[in-house]
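Encoded as structure tokens, the structure appears first; notes follow it.
The values are calculated or read from the model by the stated rules, or taken from the named source; none is laboratory data. A quick note: this is a predicted structure, and the numbers were derived from the prediction, not measured. Neighbour counts run over all protein chains shown; Cβ positions are idealised from the backbone, glycine included. We work out accessible area using only protein heavy atoms, side chains counted, and drop any ligands, DNA or RNA first. Shrake-Rupley method; radii C 1.70, N 1.55, O 1.52, S 1.80 Å.
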Amino acid sequence: MSVTSDKNQQPLVDVLHLKQYFDINVGAFKSKPLKAVDDVSFSIRKGETLGLVGESGCGKTTVGRSILHLYRPTAGEVVFNGSLIKSKNDINELRKKATMVFQDPYSSLNPRMTVSDIIGEPLDIHKMYTNRQERSERILELMDRVGLNSEHASRYAHEFSGGQRQRIGIARALALKPEFIVCDEPVSALDVSIQAQVINMFVELQEQLALTYLFIAHDILVVRHISDRIAVMYLGKMVELANAAEIYEHPFHPYTRSLMSAVPQPDPKVARANKRIALTGDIPSPLNAPSGCPFRTRCSYATEHCAESMPEFNEVSSGHFVACHRVNEL
Amino acid sequence: MSTEPLLKVTDLHTSFFTPAGEVRAVNGVSFNLERGKVLGIVGESGSGKSVTAYSLMQILASTGKIVSGSIKLGGQELVNAGESVMKTVRGNKISIIFQDPMTSLNPTYTIGHQLIEAIRLHTDRNKKQAWDRSVEMLRLVNVNEPEKRMKQYPYEFSGGMRQRVMIAMALACEPDILIADEPTTALDVTIQAQILELMKSIQEELGMAIIMITHDLGVVAQMCDEVIVMYAGSICEQGTAEEIFYNPKHEYTKGLMRSIPTADTAGSKLKPITGTPIDLLNMPEGCPFAPRCDNAMKVCIKERCERMVINEDHMASCWMNVKDGVENGAIVIDVAKGGGAE
């Protein structure tokens, strides 16, 4: 069994050796590739939620955007529902089936458009209606679905609170009846009580509409709650992928271990008894990524071998993949 | 013990006077802070937690004003004390670190320049002594090669390193109280763990008190001895961390605890608080949380609940406790506060 296929469940999204480099100017006439995503492979099964966690700059948002071809991937393949995304036409079709919810509910909504125009824009672009009547019916149905008062359709985004704006963003993502939604930190800008409302809505929508999510977030407790499986990224590489409960309770990779132990637990006794695995130093710049394993500069298990080659992404137990040379000794 | 607490805040009211009307951002907040303790102030955006802290230092925006109440620092009254007194308090006795380490430092000066400026402003040290003190402080907050780092600009520092610099600057004059306003919200979780551990160890070393303002209950659980839960400018519950987490006595706190995802909630639904936070311009007569409360009673809508003593470590302002407690006589009304319930 490989990372990208599963005997039992059909994958909806297959990502194969995806690379996304950006050229960064480092001198007057010199540029250098910034390897935002460097050879990442995984698959998302129909109807599942794959959580993607990692620290800022690890490439998790770029993975989401590259899958939707908002960037043209430098290398690698994205297979959606069995068909490889190649031509412009493929991309256009992909974007009807795969949409995105953005992090910031303030900057992701055009302040000069009314709510009904924001939600209706995808319908306009992909010409999904035959007359105005059908368009406005669909918009009102979407607003109803995400718990917005349909009387507010002619209001502007600034008239809504953060949680309501995020609902507008979700309604827009649902407009084309997608199968797959990339949720890029959709609740991290929201207050705790509102966050819980929106998380519940994601779960309900998934049940009602048979959606598949790639749920990108840095809040591990949120990801643990919503995901079936969780993938961990560090400096453009995927370092671990497993069932949500498994990775949370039995992480293998030294980075995942310290990440899980750093989560502040909302329980005084647990939080104070918690043995944190402290990481020294900061995440290196992706422009000067270390050779071999990207985590070796902060890893207490690192050996010379780790500097020489990038460890393979191997399955250590059923469905649990880890990229670490010393995984057997941990 | 009869000794005066380090900080005693009594019935503090802070308002912002906007064209739309008076916004009562802090509405009758009282608490004590003892030396060497960590007090957490938790609440959602707009709950008044930051304004409470800014009121302590009197660094409110120009439209904001402390309307009434008292802030006593080591027995000295700070409300209406005047700018000259506040100048001796800020930085010397109370320091603050802000949420965003990216914007708290001036990008056009070196880190060393900014540290030295802060130290020389508050102490008699000369340039050389201030330099040495800065290096010493950077070393205290675990910045590697402090002599070299002193000559660098903020852009050369990562987010976690900048927050360390802010902590170094805040602690350089050995304040009695450090206010940390969401100090780790902008940071990644592994960096957050480093900063929290650093704050805890420095606090134990220097024995100062910390007021930790955050919306993250995980951070509170890890750091705080005592906790204040705020909603719409008022304290709804106050007590030791154990009491607040294991024995919440206000419907809002209970709702918050239910809203956090944990390992146990996976695969099930969260039970969020319904509705949205209240508009501070249109405050209801009764309990500000009543419009969102599932268990709201008639009295909740009509009358605001005074603080009630749950036990010696715990106070809450929720009528539910009266309902549950009055029959069995378990609850005593806080007479010192006037007591609103008969």
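State yes or no: is B:THR274 at pLDDT 95 or above and surrounded by fewer than 24 Cβ atoms within 10 Å (Cβ to Cβ)?
Considered against the rule, which asks whether it is at pLDDT 95 or above and surrounded by fewer than 24 Cβ atoms within 10 Å (Cβ to Cβ), B:THR274 comes out as no.
Run B:GLN152 past the list (1) closer than 21 Å to B:GLY40 by Cβ; (2) open to solvent by 10 Å² or more (accessible area, probe 1.4 Å); (3) not aliphatic (A, V, I, L, M) and report the number of the one that doesn't hold.
All conditions pass for B:GLN152, except number (1).
Any idea which residue in the stretch B:41-78 is most open to solvent (accessible area, probe 1.4 Å), counting only those that are free of Cβ contacts under 8 Å to residues at least 60 places away in the same chain and part of a loop (DSSP other than H, G, I, E, B)?
So the residue we want is B:SER62.
Restricting to the stretch A:191-216, name every residue that is among the small types (Gly, Ala, Ser) and either within 10 Å of chain B (Cβ to nearest Cβ) or under 25 Å from B:THR276 (Cα atoms) (or both).
Scanning the stretch A:191-216 gives A:SER193, A:ALA196.
Quick one: would you say A:PRO266 is at pLDDT below 95 and assigned to a loop (DSSP other than H, G, I, E, B)?
So A:PRO266 fits the description; yes.
Could you pull out the residue among A:GLU249, A:GLU315 that is within 26 Å of A:ARG45 (Cα to Cα), open to solvent by 60 Å² or more (accessible area, probe 1.4 Å) and away from chain B (no Cβ under 13 Å)?
Exactly one of A:GLU249, A:GLU315 is within 26 Å of A:ARG45 (Cα to Cα), open to solvent by 60 Å² or more (accessible area, probe 1.4 Å) and away from chain B (no Cβ under 13 Å), namely A:GLU315.
Given the criterion out of contact with any Gly (no Cβ under 6 Å at 6 or more places or on another chain), within 14 Å of chain B (Cβ to nearest Cβ) and farther than 28 Å from A:LYS60 by Cα, identify the matching residue among A:HIS158, A:HIS152.
So the residue among A:HIS158, A:HIS152 that is out of contact with any Gly (no Cβ under 6 Å at 6 or more places or on another chain), within 14 Å of chain B (Cβ to nearest Cβ) and farther than 28 Å from A:LYS60 by Cα is A:HIS152.
Regarding A:TYR255, is this residue crowded, with 24+ Cβ neighbours inside 10 Å, touching a residue at least 60 places away in the same chain (Cβ under 8 Å) and not aliphatic (A, V, I, L, M)?
No: the conditions fail for A:TYR255.
Look through the stretch B:130-157, keep the residues that are within 11 Å of another protein chain (Cβ to nearest Cβ) and in contact (Cβ under 8 Å) with a residue 24 or more places away in the chain, and return whichever of them is nearest to A:SER56 (Cα to Cα).
The extreme case among them is B:PHE157.
Taking the stretch B:208-241, which residues are among the polar types (S, T, N, Q) and either closer than 22 Å to B:PRO288 by Cα or touching a strand residue (DSSP E or B) at 6+ places or on another chain (Cβ under 8 Å) (or both)?
B:THR214, B:SER234, B:GLN238, B:THR240
Name the residues in the stretch B:249-269 that are touching a residue at least 12 places away in the same chain (Cβ under 8 Å), more than 16 Å from B:SER234 (Cα to Cα) and more than 7 Å from chain A (Cβ to nearest Cβ), would you?
B:MET257, B:ARG258
Looking at the stretch B:2-40, which of its residues are on the phi > 0 side of the Ramachandran plot and either in a loop (DSSP other than H, G, I, E, B) or without any contact (Cβ under 8 Å) to a residue 12 or more places away in the chain (or both)?
Scanning the stretch B:2-40 gives a single hit, B:GLY36.
Condition first: closer than 17 Å to A:CYS324 by Cβ, open to solvent by 10 Å² or more (accessible area, probe 1.4 Å) and touching a strand residue (DSSP E or B) at 6+ places or on another chain (Cβ under 7 Å). Now tell me which residues in the stretch A:258-298 satisfy that.
Scanning the stretch A:258-298 gives a single hit, A:ALA289.
Condition check ((1) over 19 Å from B:THR265 (Cβ atoms); (2) more than 13 Å from chain B (Cβ to nearest Cβ)) across all residues:
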| residue | (1), (2) |
| --- | --- |
| A:HIS218 | no, no |
| A:LEU241 | yes, yes |
| A:VAL270 | no, no |
| A:ALA273 | yes, no |
| A:GLY281 | yes, no |
| A:ALA323 | yes, yes |
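Identify, by number, the condition in (1) more than 24 Å from A:ILE44 (Cβ to Cβ); (2) within 19 Å of the chain's Cα centre (by Cα) that A:GLU179 doesn't meet.
Just one mismatch for A:GLU179, condition (1).
Being at the interface with another protein chain (Cβ under 10 Å from one of its Cβ atoms) and under 14 Å from B:ILE97 (Cα atoms) is the filter; apply it to the stretch B:193-233 and report the residue that is farthest from the chain's Cα centre (by Cα).
Filtering the stretch B:193-233 for residues that are at the interface with another protein chain (Cβ under 10 Å from one of its Cβ atoms) and under 14 Å from B:ILE97 (Cα atoms), the one farthest from the chain's Cα centre (by Cα) comes out as B:LEU196.
What residue, of A:ARG272, A:ARG276, is on the phi < 0 side of the Ramachandran plot and either under 22 Å from the mean Cα position of the chain (by Cα) or in a loop (DSSP other than H, G, I, E, B) (or both)?
A:ARG276
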